[in-house]
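Student: I'd like to ask you about the structure that follows.
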Amino acid sequence: MFALVVTLSLLAGGSAAPAGATSVLRCPSMTVPVGVTKTIPISYADIIVSGVTCNYAEKVFLIDTSKAGSAPPSGWRIKVASAGGSTIEDTCTRGAQSIRFRLVRKS
């Protein structure tokens, strides 16, 4: 299951972020439904963005990423790492823009 979660975290999609959205924001936690992932729902406990809006991270970047192929969105770099314990952290960067998704692994 861990490999599946990491695979889903790396999937691609996205569009240009809105100009002028530069402050660091903590977005609400969210669940990507099985209808999007086609496998299992993925719940993110923590989403923090800088240079993009919460709406972009939640409704565009993450949803498109879950539906698309295996490459990151154009211009984005995605690093997947353990954040200790059972937490997986995806850090997505493009220039000064960043999106961090934290997923608590369920057994």
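Student: Could you order the peptides 31-41, 51-61, 87-97 from most to least packed, using the average number of other C-beta atoms within 10 Å per residue?
Tutor: The most tightly packed comes first, giving 51-61, 87-97, 31-41.
Student: Below 18 Å, Cα to Cα, which aspartates and glutamates can Lys38 reach? Residues fewer than 8 away in the same chain don't count.
Tutor: Glu58, Asp64
Read the figures in this text as sums done on the coordinates, not as results from a lab. What you are looking at is a predicted structure, and each value in this text was computed from that prediction instead of being measured. Because the Cβ atoms are built from the backbone with ideal geometry, glycine has one as well, and the counts that use them run over all protein chains shown.
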